[in-house]
Amino acid sequence: MLQGKKIVLGITGSIAAYKSIFLVRLLVKAGASVKVIMTPSASDFVTPLTLSTLSKNEVLMDISNGVSWANHVQLGRWADIMLIAPLSCNTLAKMAHGQCENLLLAVYLSATCPVVVAPAMDEDMWHHPTTKANLDKLQSFGNHVIPVEKGELASGLFGDGRMAEPEQIMDYLREHFFLKSPLSGKKAIITAGPTYEPIDPVRFIGNHSSGKMGLAIATELYKRGVDVTLIMGPGNLEMPATGIAVRRVNTAAEMYTTCHELFPAADIAVMAAAVADYTPVHTATEKIKKTTAEGKDTGMVVELARTRDILKSLGEIKGKEQVLVGFALETSNEAAYAKGKLQQKNADLIVLNSLRDEGAGFGKDTNKITIFSKSGEEIAFDTKTKTEVAKDIVDTIIRLHYA
Ligand code: CTP
């Protein structure tokens, strides 16, 4: 897949630079031509000699060595991909602000090819708002960010910030640039998590949804080159990888509005959220007290009204090319209910999970699904991790709609 591809690999000053040695080996082994550019501080961590030997090309570091001048424009145009791994906090900040003080930054600014970065830093630096703002800036320029991993860090701490492993970087390149996914360039919206319907400023009606299934689907679609927006309900839900746009919502009504705002431009919509079916008719502006000033029990009756069914409403406006996927969580008559939902909500696929199945349910890391399609297929899968289930769902979308 990488045979004959031209990669400029930028290496910056980070302990993770040792992984770049393996990365160069993997790239060369896969048939790519690799030209390495190092920032001056990268040579504190790995030697140019090792990298020039493995890449079979001279390692570049300076814009000029007093005798000749490295043509940064030509390097940026030569490459099919510019990959910067590891990307330090320092170089990230300079890239975000257009600084140009070394060859790596000059090539970055003149690159006409896609730019992919694999950040590496300590956890506290990773979570600093400046880092997030700088990465957002890079993404707004169209650069691709390979998410950091959780693990042991050079500081001895354990947390987010480890650079992705070389094998994962290779997978990312293949999946995003060289595999030609049938979903490349498509847009998707995914809903995930619960909604909270407020009774008063303190209390709400909610449910146990962890958002894990929606997050796994969003991640899988993103890996296949889809431009993904995750519409996430409230609670302590796990956030997705950088690269996936997130819209936070609280109530079913907010989720409805956000879905309708984004659906017209989407190719695929997956409604994985556990949306509240009922919401209080009135939300008290002050906390409701359980006793009056005289100490008398006030009692509590909450009048509820049905929320609008988002999936159904999208089914009503769905265009011919749009793919709409819904979920059904049932405890009995599963297949009949799932088929009913396909019809009533005009969905293309309904993913059924039954609470009678051991591996399925709220908060679990596994799920057991059966997919029902509009075309009449009924595909049952074994119990799998939610990541694998997401792959099955995305593969089914491709097979039935994009193959
Ligand atoms: N859904 C939605 N908007 C709602 C309620 C549900 O979009 N207000 C979506 C869910 O995201 C899911 C599907 O509809 O994709 C679930 O269908 P639903 O009819 O709500 O299933 P149940 O809650 O299981 O319904 P029932 O009361 O029929 O068991």
Exercise for the section: For residues that are near the ligand (Cβ under 10 Å from one of its atoms) and among the basic types (Lys, Arg), scanning just region 306-339, find the one that is farthest from Ala403 (Cα to Cα). Expected result: Arg306
Handout entry: Yes/no for Gly295 being more than 23 Å from Thr195 (Cβ to Cβ) and touching a Pro at 6+ places or on another chain (Cβ under 9 Å)
Key = no
Practice task
Give me the pairs, please: first residue somewhere in region 20-31 and assigned by TED's automatic domain parsing to the domain that holds Thr47 and over 18 Å from Leu49 (Cβ atoms), second residue anywhere and surrounded by fewer than 15 Cβ atoms within 10 Å (Cβ to Cβ) and of a type in the set (S, T, N, Q), beta-carbon distance under 6 Å, and either six or more positions apart or on two chains.
Solution key: Gly31/Gln3
Completion exercise
Scanning region 347-358 for residues that are of a type outside the set (Ser, Thr, Tyr) and surrounded by 17 or more Cβ atoms within 10 Å (Cβ to Cβ), the one farthest from the ligand (Cβ to nearest atom) turns out to be Asp348
Exercise for the section: Go through region 262-305 and give me each residue that's more than 12 Å from the ligand (Cβ to nearest atom), surrounded by 13 or more Cβ atoms within 10 Å (Cβ to Cβ) and under 30 Å from Asn353 (Cβ atoms). Expected result: Leu262, Ala266, Asp267, Ile268, Pro280, Val302, Leu304
Practice task
Would you please name the residue that is farthest from the ligand (Cβ to nearest atom), looking only at residues in region 244-261 that are surrounded by fewer than 19 Cβ atoms within 10 Å (Cβ to Cβ) and not in a helix (DSSP H, G or I)?
Solution key: Ala245
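The values are calculated or read from the model by the stated rules, or taken from the named source; none is laboratory data. Values in this document were obtained by computation on a predicted structure and should not be read as measured data. FYI the Cβ positions are ideal-geometry reconstructions off the backbone, even for glycines, and counts take in every protein chain you see.
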